[in-house]
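Every read-out reported here was derived from the displayed coordinates using simple, explicitly stated rules and does not represent laboratory data. Given the structure is predicted, the values throughout are model-derived calculations rather than measurements. Cβ sites come from the backbone with ideal geometry, for glycine too, and all protein chains shown count toward neighbours.
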Amino acid sequence: MNSEDKIYIAGHQGLVGSAILRILEKRNFSNIVTRSHKELDLTNQSAVTKFFNQERPAYVILAAAKVGGIFANNTYPAEFIYENIMIEANVIQSAYQFGVERLLFLGSTCIYPRDVMQPMREDALLTGILEPTNEPYAVAKITGIKLCESFNRQYKTDFRSVMPTNLYGINDSFNSVNSHVIPALISRFHEARLNNASDVVVWGTGGVMRDFLYVDDMAEASIFVLELDKQKYMENTSPMLSHINIGTGLDISISELAETIKIVVGFKGKLKFDSSKPDGPKRKLVDVSRLSGMGWKSSKDLEDGLQKTYEWYLNSI
């Protein structure tokens, strides 16, 4: 990509999209197109078609999605599957229709089966039953991958997909109920510290293992994959297996994570684990050998990333 190329970031105000925007701006890309949800409803096909016809971007980064934690996925399954499939279908179809040179679709590692062998390899896709707590969202993300692969096979487009592990960082949602685990815990620990609470409740048993990636690392990896020479990308993927995992290659238990956040926030009380709340899969660690073989590895330390995230949270409340 050249710094003058027109790049459309769908979802630029979200966790991932805003990080990609920050990285591109730091690299002096000067022709970035964005639209808020109020300006452009990506579930509206005619509006998306009109937008692409007017703007004609050369590159598209599809980071827009309806996202949430276990509680939100269980509470709003219809919205999660419908809105995400509509966004993907409209953007990918218009990217083909209006000659986008290259598109990058951002998915999620929840696409992999519930009982998949760890670490999760890309070829584990569609080999087993999905985790029930987020199945609608996972099905939508699998649909996005298959849309990209199908357009590539039929129309020779260059649409790529990356599957990030659990993300955290600047611009995350810090709702203590609906958000993902790291921002939820940061807000709970912060409130508990301010109120001199004796304990903080952590959902689940604390024993499940997760890989957490700082969002700016995710943004760097996404741009790395987007900029890969087409031949190199094709050498490391296949028409029926085109997505690439992004993660740290390391995991940590939720109890260890909670203890680390407790230190970062400065909370002095105790942790209480509510085992009546769902844990999700026992372990989720992605195999990152494909991406590391291409030349990219994560660089951000978890505690450092949590500190930066907490500092941003303090400045935003």
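Observations, loosely collected:
- Diffusion constant of region 1-107 at 10 °C, which comes from Stokes-Einstein with the Kirkwood Cα-pair radius and 1.306 mPa s, µm²/s: 112
- Cα centroid separation - region 249-317 against region 123-151, whole Å: 24
- Fraction of antiparallel bridges per DSSP, the chain only, in percent to nearest 5: 10
- J(HN,Hα) series, region 164-171, from Karplus relation 6.51 cos²θ - 1.76 cosθ + 1.60, nearest Hz, glycine and proline x: x, 6, 4, 10, 7, x, 4, 6
- Considering every alpha-carbon pair of region 130-264, the percent of pairs per 10 Å bin, from zero through the bin containing the longest distance, is 10, 32, 30, 18, 8, 2, 0.
- Of the chymotrypsin sites (Phe, Trp or Tyr not before Pro) found in region 17-72, none is in coil by DSSP with at most 11 other Cβ atoms within 10 Å of its Cβ.
- Gap separating the Cα centres of region 216-240 and region 107-121, nearest whole Å: 19
- Listed by chain and number, the lysines placed with their C-alpha closer than 22 angstrom to that of residue 308 are 26, 262, 268, 297, 300; residues fewer than eight positions away on the same chain are left out.
- For residue 32, the residues 5 or more places off, or on other chains, whose built amide H falls under 5 Å of its own are 7.
- Built amide H within the under 5 Å cut-off of residue 120, gap 5+: 285, 286, 287
- Cα centre as origin, Lys/Arg/Asp/Glu Cβ charges: the chain dipole, Debye: 140
- DSSP bridge orientation in region 179-317 - percent antiparallel, rounded to nearest 5: 30
- Extension reserve of the residue 304-residue 201 stretch, reckoned as 0.36 nm per residue once the Cα distance is removed: 34.7 nm
- Scaling the Cα radius of gyration of region 54-161 by the globular reference 2.2 N^0.38 Å produces a ratio of 1.11.
- q = 0.17, 0.18, 0.27, 0.28 Å⁻¹, region 223-268: log10 I(q)/I(0) [Debye, one scatterer per Cα]: -0.65, -0.67, -1.01, -1.05
- When the convex hull of its Cα atoms is viewed from all sides, region 146-196 shows a mean projected area of 5.0 nm².
- Normalised convex hull volume, the chain, alpha-carbon set, Å³ per residue: 126
- Selection of GluC sites (Glu not before Pro), region 1-95, meeting DSSP coil and at most 16 other Cβ within 10 Å: 4, 39
- Helix-only CD estimate at 222 nm, as mean residue ellipticity for the chain, using -39500 (n - 2.57) per DSSP H run (n ≥ 4): -13500 deg cm²/dmol
- Other residues whose C-beta falls under 12 angstrom from the C-beta of residue 310 contribute a net charge of -1, scoring Lys and Arg +1 and Asp and Glu -1.
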